[in-house]
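Notes follow the structure.
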Amino acid sequence: MSTPPAGDDRHVPEDRRTEEEPILSVRNLQTVFHTDRETIRAVDGIDLDIYEGETVGLVGESGSGKSVTARSIMGLVDEPGEILPGSSIKFQGEEITGYDTKQYQNLRGSGIGMVFQDPLSSLNPVFTVGNQIREALKVNRGITGEAAREEAIDLLEAVQIPDASRRLGEYPHEFSGGMRQRAVIAMMLACDPEVLICDEPTTALDVTIQAQILDLLRELQEDRGLSILFITHDMGVIADVTDRVNVMYAGEIVEKAPTEELFAAPSHPYTRGLLEAIPGQQAGQERLRTIEGDVPTPNEPATYCRFAPRCPQAFDDCEAVHPELVGVTEGETEHTAACLLYPEDMSTGEAVAYHERLGGDSSGTDESGAAGDGDVAADGGRSTGDRGRDSVDGGDGR
Ligand code: SF4
């Protein structure tokens with residue numbers, strides 16, 4: 001296990017990210033599910049990076065593809081699911097999409113751990129919690145006997161389970177919901193992972209226990225230098241625990257930004273809708289705002305904006321042009337949005353043309369989603385001084 005860099009304040013600065021290799025890097029991930037009638041594009045070409053010691057959020061409504069993304073990374077997509085050729089997932093620089101069963105077992109053992117929403121899906125009801133932690137220690141780290149028992153006690157104490165030595169002998173059903181989730185986290189830590197994927201780990205818990213588990217994850221991350229992918233539908237939780245956020249909708253990432261910036265200046269209409277749906281956001285608000293409609297089930301390539309039927313700012317081009325992730329302002333790489341209203345310093349007509357050109361050469365995008373240094377990007381507005389600020393109209397839909 002690596003230790004956090006000196007002075008790590010949970011936010012990984014931009015300059016560090018350009019120098020370091022991400023510990024986990026996802027490119028053009030496409031995970032589909034084949035049915036008799038159609039192919040569901042559950043994850044449709046997403047890019048994602050996680051650097052050492054940071055917590056990255058993946059947020060969106062149910063059905064947006066968050067959990068399928070996590071299962072794709074963990075090698076847990078079974079038939080009729082398929083990760084399409086051209087998808088890339090690198091862990092510590094090594095491509096893992098072609099791994100066989102044994103390699104994935106090793107990866108899940110000591111490389112990437114996962115905490116699910118329901119702790120009972122990870123715990124075996126017929127073995128004591130101590131047995132299961134000791135087994136994880138034996139299989140993944142070769143620790144057995146009294147050393148394993150002592151390490152198991154240390155792990156239960158690390159996840160703040162009181163009276164740890166006695167509770168080692170208890171079965172999962174003797175633990176409360178919050179304690180069970182702590183026990184699962186202890187089991188994951190027994191594998192000494194570099195990356196922890198937390199898929200809605202607090203959704204089934206009451207607010208007080210939820211806050212305790214979030215505090216625990218924060219402490220574990222700081223103490224152990226963990227990198228965390230935190231998946232949730234809850235923007236309040238995202239604000240609490242993450243350094244950077246990816247907003248996902250209908251299989252695509254539609255906005256990326258450092259967490260503070262996302263909350264200070266949300267750009268994509270979907271992100272704004274999610275934020276407005278947090279209780280207590282509007283002074284004097286009596287009814288909770290919601291985003292009308294449902295997340296569509298994508299079953300065809302996106303040649304248009306999948307959010308258009310629900311978007312209060314939709315205009316005609318949204319039905320005909322697929323929005324690419326671009327800087328919210330021209331040249332911006334940290335804060336990007338997949339919406340035809342951006343870059344905001346272009347006129348809407350110019351922005352639509354820019355997205356059309358980028359869509360013709362998506363290989364010119366980097367993880368930030370902003371256009372790279374290729375021809376399309378150069379042609380698409382960065383180097384053309386006669387576009388942009390002096391021709392902003394800002395009034396047609398923005
Ligand atoms: S591209 Fe159009 S429909 Fe999609 S989010 Fe932007 S304004 Fe709304």
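Taken together, the values in this text are just the output of simple stated rules run on the coordinates, not laboratory data. Note that the coordinates shown come from a computational prediction; the quantities given were computed from them, not determined experimentally. Glycine gets a Cβ as well: all are built from the backbone with ideal geometry, and neighbour counts include every protein chain shown.
Structural remarks
- Annotation: amide H of Ile197 within the under-5 Å range of Gly113, Met114, Val115, Leu229, sequence separation 5 or more or interchain, hydrogens built in the peptide plane.
- Backbone amide hydrogens, once placed in the peptide plane, bring Tyr249 within less than 5 Å of Val254, excluding anything fewer than 5 places away on its chain.
- Put in line by how crowded their Cβ is, counting other Cβ atoms within 10 Å and starting with the fewest, Arg306, Arg218, Arg167 read Arg218, Arg167, Arg306.
- The stretch 175-185 - phi-based ³J(HN,Hα) in whole Hz, Karplus 6.51/-1.76/1.60, Gly and Pro as x: 9, 6, x, x, 5, 4, 5, 4, 5, 5, 5
- Arg37 paired with Glu334, simple spin-label distance in nm, labels 7 Å along Cα-to-beta-carbon: 4.7 nm
- Dipole magnitude of the stretch 145-192, debye to nearest 20 (Cβ charges: Lys/Arg +1, Asp/Glu -1, about Cα centre): 240 debye
- Under-5 Å amide H pairs with Val326, H placed in peptide plane, nonlocal only: Ala337, Ala338, Cys339
- Every Cα-Cα pair of the stretch 14-250 was included, and the share exceeding 23 Å stands at 49 percent.
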